[in-house]
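Undergrad: Take a look at this one; I'll ask things after.
The values are calculated or read from the model by the stated rules, or taken from the named source; none is laboratory data. Just so we're clear, the structure is a prediction, and the values are computed from it rather than from any experiment. As a convention, Cβ positions derive from the backbone with ideal geometry for all residues, glycine included, and neighbour counts pool all protein chains shown. SASA here: full protein model, heavy atoms, side chains in, ligands and nucleic acids out. Shrake-Rupley method; radii C 1.70, N 1.55, O 1.52, S 1.80 Å.
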Amino acid sequence: MTAWEVEQLRTQLGEAGAGRRFVLQGGDCAERFADCNAANITNKLKILLQMSLVLIHGSKKPVVRVGRFAGQYAKPRSEDMERREGVELPSYRGDNINRPEFTAAARRCDPQLLLRGYERAALTLNYVRSLVRGGFADLHHPEYWQLEFVKHSPLAAEYERIVGSVTEALQFMENVLGVHPGEIEWVDFFTSHEALHLTYEGSQTRKAPHREGWYNLSTHLPWAGMRTAQLDGAHVEYLRGIRNPVGVKVGGAMTRDWLLGLLDTLHPDNEAGRLILIHRLGRLQIGEKLPDLIEWVGESGKQVVWMCDPMHGNTRTTAAGRKTRHFEDIVGELEQAFEIHAAAGSVLGGVHFELTGEDVTECVGGARGLTEDGLGARYETEVDPRLNYEQALELALLMARKMMRGAIS
Ligand code: PEP
Ligand code: CO
């Protein structure tokens, strides 16, 4: 990718921070090499496009789409080791590092995997680009994005109604207002991943011709995970040195000094769109923690882009030992995020989800009332549970309804 695209994303993120755009960031918790195929990538784009159409309708703003893809291959883990039936092996850390199968050979770190990851990131990006260039993401043809099972979904009618209304608005702008179609026809995709493996990131960090500074050209938007956001840590030191917009995940343990330190270190020039604070506090903690975070940023006088990740603070383990998330917790955290920002006079610029375009059974709840007992049917994630296609669309519909009721600006 080019520094020009990275700059373009920073400009758009700056607009989101000021409330003129809305950001939808989403994709797998961990991409798998085995899923780097046309069908899987297409389905991921389809759900992001469908959700963004719904969000455009709800927010009346352009939506910036950022995939968690083309490089989301390295995972931080809370435990170094995993135990199963008395056997202990190193934890799976993402396909760039080792393999998920529970054998000593699979769990050994293999540096060759970094090259395989690099190849797949390039293939993914190339495929996304050719789909977009071929007209797949043309707003005039939302029928391209229909996933097979949308027809059987209880949400189909509402989605179709929104498609109709956006199509009508598009025709109105073109035919009546004479807005040039070239400006609105295409929707872009940006890429993002956690900047965890610093050798992988560093080796793709370059000087761009005719520009100041260094760019991470492996992704438009790298972010520091909650576990690697220490002020004196290597990850913050790396992110400090690049010109990309950078995200930081903010959990419940964040303190005032730490946050102000991050603002000083990562955001010294206070450029619009440079720093994205992705809070992931959990449904039960957001009410207590988020107002302080907003206040501390206010004290600093700096502009940031606030995003809500309602996934990572709401992970639970079932009695059967599976990681899951409850749809109501996710909705509950999101709704509070919108309300708290509005009450504080701050702007929620976007949302960050773990989702897939497939019909998996990893999160509980949603319109189909998936229960813990039903999780076994198609539980595929190697790391965190993702919203399935219908749950993701339902979430977008709920957000759009809330935005239209005016609770959100
Ligand atoms: C993630 O985004 O997959 C992740 C590990 O998040 P966090 O750093 O917020 O826990
Ligand atoms: Co995750």
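Undergrad: For the chain, give the share of DSSP beta bridges that are antiparallel, in percent and rounded to the nearest 5; count only bridges with both residues there. Spell out each step's value before the answer.
TA: Numbers: 11 of 44 bridges.
That works out to approximately 25 percent antiparallel.
Undergrad: Roughly how compact is the range 39-85, stated as its Cα Rg over 2.2 N^0.38 Å to two decimals?
TA: In units of the globular-protein estimate, the range 39-85 measures up at 1.78.
Undergrad: Return the calculated 222 nm mean residue ellipticity for the chain, to the nearest 500 deg cm²/dmol, obtained by summing -39500 (n - 2.57) across DSSP H runs with n ≥ 4 and dividing by the residue count.
TA: Rounded to the nearest 500, it is -12000 deg cm²/dmol.
Undergrad: On a straight-distance basis, which lysines could pair with LYS44 in a cross-link, Cα separation under 18 angstrom, same-chain partners fewer than 8 positions away excluded?
TA: LYS151
Undergrad: Given a cut-off of under 8 Å on Cα pairs at least six residues apart, what relative contact order in percent is computed for the range 221-279?
TA: 39
Undergrad: Now, a different point. Over what distance in Å are the Cα centres of the range 285-333 and the range 22-63 separated?
TA: Comparing the Cα centres of the range 285-333 and the range 22-63, I get a distance of 21 Å.
Undergrad: Please enumerate, by chain and number, the lysines with C-alpha under 17 Å from the C-alpha of LYS289, excluding those fewer than 8 residues away in the same chain.
TA: LYS249
Undergrad: Out of GLU237, GLU362, GLU88, any idea which swings most in a Gaussian network model of the chain, alpha carbons joined below 10 Å?
TA: Looking only at GLU237, GLU362, GLU88, the largest GNM fluctuation is found for GLU88.
Undergrad: When the solvent-accessible surface of protein heavy atoms is calculated with a 1.4 angstrom probe, in what order do THR191, THR255 fall, highest first?
TA: Output order, biggest surface exposure first: THR255, THR191.
Undergrad: A further question on this structure: Let me check against my output: what whole-number percent is the relative contact order of the chain, with C-alpha pairs under 8 Å and at least 6 apart?
TA: 21
Undergrad: Would you grab the residues whose amide H sits under 5 Å from the one on GLU194? Only those 5+ places off in sequence or on another chain, please, with H modelled 1.01 Å from N.
TA: Here TRP223 satisfy the definition.
Undergrad: Report THR228's accessible area, 1.4 Å probe, all protein chains in place, as a number in Å² to the nearest 10.
TA: Its accessible surface works out to 20 Å², give or take rounding.
Undergrad: Pull up the cross-link candidates among the lysines for LYS402, meaning alpha carbon to alpha carbon under 21 Å and not fewer than 8 places away within one chain.
TA: LYS60, LYS61
Undergrad: Which value results when the Cα radius of gyration for the range 169-279 is divided by 2.2 N^0.38 Å?
TA: 1.37
Undergrad: How much of VAL304 can a 1.4 Å solvent probe reach, expressed as accessible area in Å² and rounded to 10?
TA: Accessible area of VAL304: about 20 Å².
Undergrad: Could you check which residue among ARG99, ARG283, ARG77 shows the biggest mean-square fluctuation in a GNM of the chain with a 10 Å Cα cutoff?
TA: ARG77
Undergrad: Where is the GNM fluctuation largest for the chain (alpha-carbon springs, 10 angstrom cutoff): GLU390, GLU354, GLU148?
TA: Largest GNM mean-square fluctuation: GLU148.
Undergrad: Just report the Cα centroid separation between the range 78-144 and the range 205-221, whole Å.
TA: Taking the Cα centre of the range 205-221 as reference, the centre of the range 78-144 is 24 Å away.
Undergrad: For the range 14-124, what's the relative contact order in percent, using C-alpha pairs closer than 8 Å and at least 6 residues apart?
TA: Dividing the mean separation by the residue count of the range 14-124 yields 27 percent.
Undergrad: So, with +1 on the Cβ of K and R and -1 on the Cβ of D and E, and no other charges, what is the size of the charge dipole of the chain about its Cα centre, to the nearest 20 debye?
TA: That gives a dipole near 380 debye.
Undergrad: Another question about this same structure. For LEU131, LEU284, LEU355, write out the residues from largest to smallest accessible area, computed with a 1.4 angstrom probe and no ligands counted.
TA: Final ranking, largest accessible area leading: LEU284, LEU131, LEU355.
Undergrad: Scan the chain and note any complete DSSP helix (H) whose C-alpha atoms cover at least 18 Å along its axis and whose Kyte-Doolittle average is -0.5 or more.
TA: What comes out of the filter, once short or polar helices are dropped, is 38-59, 112-133, 156-171, 286-300, 327-343, 389-404.
Undergrad: What residues qualify as long-range amide H neighbours of VAL23, i.e. H under 5 Å apart, gap of 5 or more or another chain, H built at 1.01 Å from N?
TA: Here VAL64, GLY350, VAL351 satisfy the definition.
Undergrad: Could I ask something else about it? Just by accessible area at a 1.4 angstrom probe, what is the order of SER165, SER52, SER78 from largest to smallest?
TA: Largest accessible area first, the list is SER78, SER165, SER52.
Undergrad: Dividing the alpha-carbon Rg of the chain by 2.2 N^0.38 Å yields what?
TA: 0.94
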